[in-house]
Amino acid sequence: MLRVMSFNVRGSFHDARKKNAWRNRADLNVATIERYAPDMVGLQEAQRGNLSAYRKRLPRYALIRGPRYGNAIPHDFNTILFDPERLKPLDSGGFWLSQTPDEYSRSWEARVVRSATWALFGVLGTDLSFLHLNTHLDHVSALARREGSKLVVRRIVEIAGRTGVDPPAIVTGDFNSRPGNRTHKTFTESGFTDTYLAAGNEEGANTFHAFKGTLYRDTHPHRGPRRIDWIFLKDAQGRLRVESHRIIHDADESSGLYPSDHYPILAEFSISARSGFAPACQLVSTAAAPPCQPGPTHAKAYKRRPQAGAC
């Protein structure tokens, strides 16, 4: 079984003087990840304080920080946490959601500079390798969400094509979009399955709750549920099967504390017994990147510009 979580954790520098400041909810946030023990977590809005807590208190996990996003310091990161006793990183990188994706930049009327982080993993003890991409789309510009999602789909095709075996692709993120709209259809019409629906859940749930939990009321309910956090799977060969998907509602309701202003989501996949795939370390072997070494996109993702800075 492969357990994958997507979690917008709300950056540690937000809400400093409010009840749900990071210092007050860090214990609950970390405990939520510990309790459900995912093999991999796609974090959104992770800032320096969040990542410091995870390094200290979740030693089980290694991380791929990814390229920064946001318009100013402190920047956010679409960081991927993973359990190195289950998963072996074979290649990783990132890009920005813009017309110049290899540079820190924004396009399409986006309010905020946005990015994506990706990693190719081998599942230890199996012949399976898969691609994971984690992202956070713009909260203001519908155009940026539409074009950003198209860019994500194109990049997945490009990265998967370099492996020569068309690995399964898992996409996690905060898409700031409601299910069924154009952004959602960009994925479903490109061969991706919404794991929430594939697991048999009925539409109507929210994943954003603004630190109000069960008391949250959407100001635009006629637009459909605010299930804006998604986990997608694309796997034409059926090597991964969606077994379950849940929205995790852990909270300290009595004190009004929540792990985040989003509910984390968790999908479970069974791994097919099929074999015959190339050994994991050979999947990324190219002239530019020898086996098990980061490919050229990795270097681009971490390119620094002095005026932008990074945590």
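Just so you know, all these numbers are worked out from the coordinates, no wet-lab data involved. This structure is a prediction, so every number in the text was calculated from the model and none was measured. With ideal geometry, Cβ positions are generated from the backbone for all residues, glycine too; neighbour counts draw on all protein chains shown.
Looking at the chain only, what percent of DSSP beta bridges run antiparallel? Nearest 5 please.
80
Using every pair of alpha-carbon atoms in segment 21-115, split the distances into 10 Å bins beginning at 0 and state the percent of pairs per bin, rounded to integers.
Distribution as computed: 15, 42, 30, 13, 0 percent.
Which of the trypsin sites (Lys or Arg not before Pro) found in segment 1-34 are in a DSSP loop and have at most 16 neighbouring Cβ atoms, other than their own, within 10 Å?
Qualifying residues, ordered by number: Arg17, Lys18, Lys19.
What's the tally of Lys pairs in the chain whose alpha-carbon atoms lie under 25 angstrom apart, where the two lysines are 8 or more places apart or on different chains?
Counting lysine pairs in the chain gives 13.
Ala199: net charge of surrounding residues, Cβ under 14 Å, Lys/Arg +1, Asp/Glu -1, itself excluded?
Computed value for this residue: -1.
Taking the Cα centre as origin and putting +1 on Lys and Arg beta-carbons and -1 on Asp and Glu beta-carbons, what dipole magnitude results for segment 2-301, to the nearest 20 debye?
600
What are the ³J(HN,Hα) values, in whole Hz, obtained from phi via the Karplus relation 6.51 cos²θ - 1.76 cosθ + 1.60 with θ = phi - 60°, for each residue of segment 221-237 in sequence order, with x given for Gly and Pro?
x, 5, 7, x, x, 8, 8, 9, 9, 10, 10, 10, 10, 10, 7, 5, 8
On average, how much area does the Cα convex hull of segment 2-301 cover when viewed from any direction, in nm²?
With every direction weighted equally, the projected area is 14.7 nm².
Excluding Ala21 itself, calculate the net charge of residues whose Cβ lies under 13 Å from the Cβ of Ala21, where each Lys or Arg counts +1 and each Asp or Glu counts -1. The partial results should precede the final answer.
On the way: positive: Arg10, Arg17, Lys18, Lys19, Arg23, Arg25; negative: Asp15, Asp27, Asp261.
Taking every other residue near Ala21 into account, the sum is +3.
Highest mean first, how do 125-138, 247-260 rank when packing is the count of other Cβ atoms within 10 Å averaged over residues?
By packing density, highest mean first, the sequence is 125-138, 247-260.
Whole-Hz Karplus ³J(HN,Hα) for segment 197-213, in order, using 6.51 cos²θ - 1.76 cosθ + 1.60 and θ = phi - 60°, x for Gly and Pro?
6, 4, 7, x, 6, 9, 5, x, 9, 9, 10, 9, 9, 6, 6, 10, x
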